[in-house]
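*Asks:* The structure is given below, and queries will be raised subsequently.
We did not get these values from a lab; they are worked out from the coordinates using the rules stated. If you're wondering where the values come from, they're calculated on a predicted model, not measured in any experiment. All Cβ positions, even for glycine, are placed from backbone atoms using ideal geometry, and neighbour counts span all protein chains on display.
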Amino acid sequence: MFDMHCHVDLIDPMNRFCATAAMLNISILAMTTTPKAYYAETRMLANYSSVNVALGLHPQLVSERKQELAIFDRYAASSRFIGEVGLDFSKRFYSSKEDQIIVFEHIIQSCARAKTISIHSAFADKQVLDILDKYKTTEHNNCILHWYSGSLAQLERAIEMGCYFSINEQMLKSINGTKIIERIPIERIVLESDAPFVAGINKAELLQGSLTRTQDGLSKMKDGAVKNILDYTSRILLGI
């Protein structure tokens, strides 16, 4: 089983969580929210083959951490995985909109090819896709829209552009979430937990339960061997 968007560094103790997840046969794409966190996390988890750490600069932190963009640039070429990055134009973070756009464009320009990018797009689905389209990012990279909640029109656009979508348990519980999931081809879907933010996941056993419930929910909505398809797509995105 694969979790393609998890914040393991926000779960204490991180190493025990990752070790137990490995014992449960869960492979994790670990998000970071700042480049400094990426530097620390890659070293702390270097011996965990089931965890891939992504280089991130979260849009909600841009106003206070944009100076870390120089650190991001230092690691961007060597990091195959990028995330969490993107835009968040919700009311709380709207004041940093212009800085967010500058930072996200800079990050996307650094992703020339062969990267898997996990993207936050809260209240900014069109603007995120505009930037991906501007730099032809989906032609040379795998772009995953994390917990997509935007319009159905932009959803169709994202599908046409070749985007993937990471789906969590919470999305299956909302009307808007199920409408979105129904329209995404199963071949473009992967599982995510967004732990510890969803359902208070702070142990690997809870992670396993959440991912299993999401997988089971998708199996009821989609045709075919859903588990096999999810695993196959995740392996492609992780390069394994």
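*Asks:* Give the order of Ile107, Ile236, Ile28, Ile167 when sorted by the count of other beta carbons within 10 angstrom, beginning with the fewest.
*Replies:* Ile236, Ile107, Ile167, Ile28
*Asks:* Something else about it: How would Val85, Val51 line up from fewest to most surrounding beta-carbon atoms within 10 angstrom?
*Replies:* With the fewest neighbours first, Val85, Val51 line up as Val51, Val85.
*Asks:* A follow-up question, please. Computed from the coordinates I sent, mean projected area of the Cα convex hull in nm² equals one of (i) 18.8; (ii) 11.6; (iii) 13.2. Tell me the label.
*Replies:* (ii)
*Asks:* Given H placed 1.01 Å from N in the peptide plane, which residues other than close sequence neighbours of His5 have an amide H under 5 Å from its amide H?
*Replies:* Amide H neighbours of His5: Leu29, Ser193, Asp194.
*Asks:* Based on Cβ point charges of +1 for Lys and Arg and -1 for Asp and Glu, what charge dipole magnitude is obtained for segment 24-86 about its Cα centre, in debye rounded to the nearest 20?
*Replies:* Charge dipole of segment 24-86: 120 debye, to the nearest 20.
*Asks:* Give, as a single signed number, the net charge of other residues whose beta carbon lies under 12 Å from the beta carbon of Thr34, with Lys and Arg counted +1 and Asp and Glu -1.
*Replies:* In short, -2.
*Asks:* Output ³J(HN,Hα) for segment 143-154: one whole-Hz value per residue in order, computed from phi by the Karplus curve 6.51 cos²θ - 1.76 cosθ + 1.60 with θ = phi - 60°, and x for Gly and Pro.
*Replies:* Per-residue couplings from phi come out as 9, 10, 8, 7, 6, 4, 9, x, 6, 5, 5, 6 Hz.
*Asks:* Arranged by the count of other C-beta atoms within 10 angstrom, fewest first, what order do Glu156, Glu84, Glu68, Glu98 take?
*Replies:* Fewest-to-most ranking of Glu156, Glu84, Glu68, Glu98: Glu98, Glu156, Glu68, Glu84.
*Asks:* Same structure, new question: Tell me, what HN-Hα J-couplings in whole Hz come from the Karplus equation 6.51 cos²θ - 1.76 cosθ + 1.60 at θ = phi - 60° for each residue of segment 198-214, using x for Gly and Pro?
*Replies:* Once rounded to whole Hz, the list reads 9, 6, x, 5, 9, 9, 4, 5, 5, 4, 4, x, 5, 5, 5, 5, 5.
*Asks:* Quick one: Karplus J couplings for segment 91-102, per residue in order, coefficients 6.51, -1.76, 1.60, θ = phi - 60°, nearest Hz, x for Gly and Pro?
*Replies:* My calculation for segment 91-102 gives 3, 5, 10, 5, 5, 9, 3, 5, 5, 4, 4, 4 Hz in order.
*Asks:* Report the gain in length on full extension from Met23 to Arg183: 0.36 nm times residue separation, minus Cα-Cα distance, nm rounded to one decimal.
*Replies:* 54.2 nm
*Asks:* Right, something else. Taking the Cα centre as origin and putting +1 on Lys and Arg beta-carbons and -1 on Asp and Glu beta-carbons, what dipole magnitude results for the chain, to the nearest 20 debye?
*Replies:* 100 debye
*Asks:* When only C-alpha pairs under 8 Å and at least 6 residues apart count, what is the relative contact order of segment 2-238, in percent?
*Replies:* Reported relative contact order: 19 percent.
*Asks:* State the extension gain, in nm to one decimal, for the chain segment bounded by Ser149 and Arg16, taking 0.36 nm per residue of separation less the distance between their alpha-carbons.
*Replies:* Difference between extended and current length: 44.7 nm.
*Asks:* Using amide H atoms built in the peptide plane, which far-off residues or other-chain residues are under 5 Å from Leu55 H to H?
*Replies:* Here Phe81, Ile82, Gly83 satisfy the definition.
*Asks:* Among all the lysines, which ones have a C-alpha under 23 Å from Lys134's C-alpha, if same-chain residues fewer than 8 places away are not counted?
*Replies:* Leaving aside lysines fewer than 8 places away in the same chain, those within reach of Lys134 are Lys66, Lys97, Lys115, Lys126.
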